[in-house]
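First up is the structure itself, then whatever we jot down about it.
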């Protein structure tokens, strides 16, 4: 229905918002959302489809992916050069396309009256942007009760924005709310809108998001160092009899810190490989109270001596 919701990695709640709010975004929302073209759509009718593709800087395996990154970088630097201190280089891109989507209707469906639009979300680990391109917006009034398509965003913490285009009294006219493909967007291009989604950042403050991204992209691919690591047995009882595994060893000087980090990955009884592979990597296996495997982690740096220094490498 043209709405994107943002959730924390450890939350899997599914919120259903088929229709935009009566009073648009107000700052009272508890969920971060981006309204690309939020209105009640029906993907079960006609040829309507929803497509998405994720692009990661580490996985630019073909010319098409490189083109996506180059174009995205160009658009961000063109539209937001006043808001960023250096040239933007995307680390991650999500492309979502609503293709030939029909509206929910209480009358005979007009299959030619479809909407096609797209959203590009991108980040460099510090700044985040959304680009919204409207290709062919052909919905008619029909017999729907409401005609209040919404464009804008809310961060779920009081910061929100309702695009003026979505508040026009003109709905289906040439420059109306439902004819975005014919309107000059805030990028000075027809049918193209762009938002910066991150708040202003104090350049004198350490940016841990960026530091994390830089570390991630400087790390070698796991396939280069996980060779020879045994798989986790399915049951704890099997692990206790397998000489390839021993109970997890925690460093004596910072075991509390490591325990906290481990709890973020799930509680349970943890075993580790008895010996590292030739790259000094290891495998950890976590079992629940009934002895069933609930998770397995391959670690590039591994602890085999409780007095071993350099716990930061293992984190």
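The values are calculated or read from the model by the stated rules, or taken from the named source; none is laboratory data. Owing to the predicted nature of the structure, the values given are computational and were not obtained by experimental measurement. Ideal geometry is used to build each Cβ from the backbone, glycine not excepted, and the neighbour counts take in all protein chains shown.
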Requested in this report: Filter the range 71-94 down to the residues that are within 20 Å of the chain's Cα centre (by Cα) and exposed (fewer than 15 other Cβ atoms within 10 Å of the Cβ), then identify the one that is nearest to residue 167 (Cα to Cα).
Outcome: 71
**Report entry** Test for residue 120: is it without any contact (Cβ under 8 Å) to a residue 40 or more places away in the chain, in contact with a strand residue (DSSP E or B) (Cβ under 6 Å, 6 or more places away or on another chain) and within 30 Å of residue 67 (Cα to Cα)
**Finding:** no
Requested in this report: Working carefully through the options 72, 85, find the one that is at pLDDT 90 or above and either within 15 Å of residue 123 (Cα to Cα) or in the same structural domain as residue 126 (by TED's automatic domain parsing) (or both).
Outcome: 72
Query raised in the report: Quick check: is even one residue across the range 193-214 over 25 Å from the mean Cα position of the chain (by Cα) and surrounded by 13 or more Cβ atoms within 10 Å (Cβ to Cβ)?
Result: no
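Hey, can you tell me all the residues within the range 157-180 that are part of a loop (DSSP other than H, G, I, E, B) and crowded, with 17+ Cβ neighbours inside 10 Å? Write out each step before concluding.
First, pick out the residues of the range 157-180 that are part of a loop (DSSP other than H, G, I, E, B): 157-159, 163, 168-179.
Correct list: 163, 176, 177, 178, 179.
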Query raised in the report: Out of the range 215-262, which residues are part of a loop (DSSP other than H, G, I, E, B) and under 26 Å from the mean Cα position of the chain (by Cα)?
Result: 219, 220, 221
**Report entry** Options 35, 49; residue that is within 21 Å of the chain's Cα centre (by Cα) and either outside the structural domain of residue 91 (by TED's automatic domain parsing) or within 16 Å of residue 116 (Cβ to Cβ) (or both)
**Finding:** 49
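Among the residues of the range 137-152, which ones are in contact with a helix residue (DSSP H, G or I) (Cβ under 7 Å, 6 or more places away or on another chain) and in a loop (DSSP other than H, G, I, E, B)?
Looking only at the range 137-152, we keep the residues that are in contact with a helix residue (DSSP H, G or I) (Cβ under 7 Å, 6 or more places away or on another chain), and these are 137, 149-152.
Passing the criteria: only 149.
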